[in-house]
Amino acid sequence: MGSRARILASKSIYEGRVVRLKVDRVIEPGGIEATREVVWHAGSVVVLPRLRDGRVLLVRQFRYAAGGSLWELVAGGIERGESLRAAARRELLEETGYRARRLKPLLKFFPSPGILSERMHLVEARDLTRGEARPESDERIRVESFTLAQIRKMLRTRRIQDGKTLVGLYWLLLTRRITI
């Protein structure tokens, strides 16, 4: 059994600035013939900014699709031809004003593989220096730092609802062997 699907037909339904919606007729491994609706996305970076004292930077911004404001890790799309590190540096500066001396790729994950092609890359940012944020014109972002104890409490009380942020913060706590 192969590990890839064979595309029988593909139709682009919508193409926007960030995503493309396709409907594909495929034969999947195991001979399963199916119609799949896929939102195609080029990929994104999720930055876990760590201050020298161990605090973590989170941003709070309004998310129309979620119907409210969410606490999140810094994140954004990887632009065509842009390296992972360049995207992480750009997003960190845009959203928080911080620059990182050290960036460490941690893991890759699919946030919703049933319908979305986007692969997210979690990157830890260390040795931060503060500067001036450069948010995009449609972004209103609040930046705050949180201790690991505050992060644990936010997770326990379900104040963090964003998936990529849950992945990054649980990764941080679990790899540090800190009780959640």
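The values are calculated or read from the model by the stated rules, or taken from the named source; none is laboratory data. Computed from a predicted structure; not experimentally measured. Positions of Cβ are generated from backbone atoms using ideal geometry, with glycine treated the same way; all protein chains shown enter the neighbour counts.
Are there any strands (runs of 3 or more DSSP E) wholly within the range 40-136 with 3 or more residues that are touching a helix residue (DSSP H, G or I) at 6+ places or on another chain (Cβ under 7 Å), and if so which? Talk me through it step by step, then tell me what you get.
Numbers: elements: 44-49, 56-63, 68-72, 74-77, 99-109, 120-129.
So the answer is 44-49, 56-63, 74-77, 99-109, 120-129.
Please list, ordered by first then second residue, the pairs with beta carbon atoms under 6 Å, 6 or more apart or interchain, first in the range 169-180 and at negative phi, second among the β-branched types (Val, Ile, Thr) and at pLDDT below 90.
Leu173/Ile180
For Ala66, state whether it is surrounded by fewer than 16 Cβ atoms within 10 Å (Cβ to Cβ) and assigned by TED's automatic domain parsing to the domain that holds Tyr170. Spell out the reasoning first.
Numbers: surrounded by fewer than 16 Cβ atoms within 10 Å (Cβ to Cβ): yes; assigned by TED's automatic domain parsing to the domain that holds Tyr170: yes.
When the stated conditions are applied, Ala66 passes them.
State whether the residues of the range 63-77 include one that is touching a residue at least 12 places away in the same chain (Cβ under 8 Å), out of contact with any strand residue (DSSP E or B) (no Cβ under 6 Å at 6 or more places or on another chain) and of a type in the set (A, V, I, L, M, F, W, C).
Yes, the range 63-77 contains at least one residue that is touching a residue at least 12 places away in the same chain (Cβ under 8 Å), out of contact with any strand residue (DSSP E or B) (no Cβ under 6 Å at 6 or more places or on another chain) and of a type in the set (A, V, I, L, M, F, W, C).
Would the range 123-139 turn up any residue that is in contact (Cβ under 8 Å) with a residue 12 or more places away in the chain, within 15 Å of Ala75 (Cβ to Cβ), touching a Lys or Arg at 6+ places or on another chain (Cβ under 6 Å) and surrounded by 15 or more Cβ atoms within 10 Å (Cβ to Cβ)? Break it down stepwise before answering.
So in the range 123-139, the residues in contact (Cβ under 8 Å) with a residue 12 or more places away in the chain come out as 123-136, 139.
Those left that are additionally within 15 Å of Ala75 (Cβ to Cβ): 123-125, 133, 135-136, 139.
Adding the requirement that they be touching a Lys or Arg at 6+ places or on another chain (Cβ under 6 Å) leaves 124.
The next check asks that each one be surrounded by 15 or more Cβ atoms within 10 Å (Cβ to Cβ); those that pass are 124.
Yes, the range 123-139 contains at least one residue that is in contact (Cβ under 8 Å) with a residue 12 or more places away in the chain, within 15 Å of Ala75 (Cβ to Cβ), touching a Lys or Arg at 6+ places or on another chain (Cβ under 6 Å) and surrounded by 15 or more Cβ atoms within 10 Å (Cβ to Cβ).
Does Glu144 qualify as being surrounded by 14 or more Cβ atoms within 10 Å (Cβ to Cβ) and either outside the structural domain of Gly54 (by TED's automatic domain parsing) or charged (D, E, K, R) (or both)? I'd like the intermediate steps shown before the answer.
Values: surrounded by 14 or more Cβ atoms within 10 Å (Cβ to Cβ): no; either outside the structural domain of Gly54 (by TED's automatic domain parsing) or charged (D, E, K, R) (or both): yes.
Answer is no for this residue.
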